[in-house]
Amino acid sequence: MRLLQIFFFSILLSALFSNLGQAQSFDNSYAEIKPALPTQSGDKIEVVEIFWYGCSHCFSFEPHIKAWLKAKPEDVVFRQLPGVLNSRWAVHARGFFAAEKMNILEQFHTPLFNALHVKRRNIFTRDSLVDFAADLGLDKGEFATHYDSNETEVKMKQAFLMARNARITGVPSLIINGRYLVSASSAGSFERMIETMDQLIQEERRR
């Protein structure tokens, strides 16, 4: 009887420490944002990906986020936001907002990623990006106008402030409902980024 008690006690301890290890791993996979950032999703849970087109890690993360989007929960709103951490990133960010204004992000987003990382094209200036938009069959003049517009300038400032207030130091990064930050470095892998994001979405549902 005594041996049986010891046996079950050892199993209990093993399960306890296993769960503690999982909790510790989960806790280390994200950072809490204080104060929490405002969201644009109303009653739904917002997930924002901060990225840069020139980032090879962001390019590699794209298939993971696209796979997740195929089964995205109905109570979750996902949006992508370009990082504006320096002038080099700002070129692509302005292009993103110009394409968004023209409602042609689908025609612009993946092709630019592929042009930079598969075809190794040198698209890091305003003029080269405007020319790239024209190569895609987009209206070059309209794209350039939106690229330089005051509306785009406002969006650039908003993107910069969001990344700064979330204390983002690298990309890709995920902001879950303005409260949590998950990065490749904190999670350790792209798969773990997705897992942690899903866990944090569950946490937000309990609020």
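The values are calculated or read from the model by the stated rules, or taken from the named source; none is laboratory data. Predicted, not measured: the structure shown is a model, and the values here were computed from it. Note: ideal-geometry Cβ built from the backbone for every residue, glycine included; neighbour counts use all protein chains shown. Please note that ligands, DNA and RNA were not included when accessible areas were found on the heavy atoms of the full protein model with its side chains. Shrake-Rupley method; radii C 1.70, N 1.55, O 1.52, S 1.80 Å.
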Fully extended contour minus Cα-Cα distance, from residue 68 to residue 43, at 0.36 nm per residue: 6.9 nm
Share of alpha-carbon pairs per 5 Å distance bin for the stretch 30-85, given as whole %: 4, 15, 22, 24, 20, 12, 2
Cut-off 15 Å between beta-carbons: net charge of the residues surrounding residue 35, Lys and Arg +1, Asp and Glu -1: +3
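Using 0.36 nm per residue of separation minus the Cα-Cα distance, give me the extension gain between residue 107 and residue 185 in nm, one decimal. Before the final figure, lay out the partial values.
Details: separation 78, 0.36 × 78 = 28.08 nm, distance 3.02 nm.
Extending this stretch completely gives an extra 25.1 nm.
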Note, ³J(HN,Hα) from phi for the stretch 175-180, Karplus 6.51, -1.76, 1.60, rounded to Hz, x at Gly and Pro: 10, 9, 6, x, 10, 10
Structure-derived Rg and Dmax of the Cα atoms in Å - corresponding label in (i) 17.4, 56; (ii) 21.0, 84; (iii) 17.1, 53: (ii)
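Mind giving me the FRET efficiency for residue 75 and residue 157? R0 is 22 Å, r the Cβ-Cβ distance, nearest 0.05 is fine.
Working: r = 30 Å, r/R0 = 1.36.
After rounding to 0.05, the efficiency reads 0.15.
Using r as the Cβ-Cβ distance of residue 34 and residue 86, and R0 as 30 Å, what FRET efficiency do you calculate, to the nearest 0.05?
Details: r = 25 Å, r/R0 = 0.85.
So the FRET efficiency works out to roughly 0.75.
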Projected label distance in nm at residue 136 and residue 56, using a 7 Å step from Cα toward the beta-carbon: 2.4
Most mobile listed residue (178, 95, 42) in the chain, GNM with C-alpha springs under 10 Å: 42
At least 24 Å along the helix axis (C-alpha) and Kyte average at least -1.0, DSSP helices within the chain: 2-27
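Rolling a 1.4 angstrom probe over the protein heavy atoms, how many square angstrom per residue are accessible across the chain? It would help to have the intermediate numbers written out before the result.
Values: 11530 Å² over 207 residues.
In whole numbers, the chain has 56 Å² accessible per residue.
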Spatially proximal lysines relative to residue 70 (Cα-Cα < 26 Å; intrachain offsets below 8 disregarded): 44, 101
Placed amide H near residue 46: partners under 5 Å, 5+ positions off or other chain: 77, 177
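Roughly what % of DSSP beta bridges within the chain run antiparallel, to the nearest 5?
Beta bridges within the chain, antiparallel portion: roughly 60 percent.
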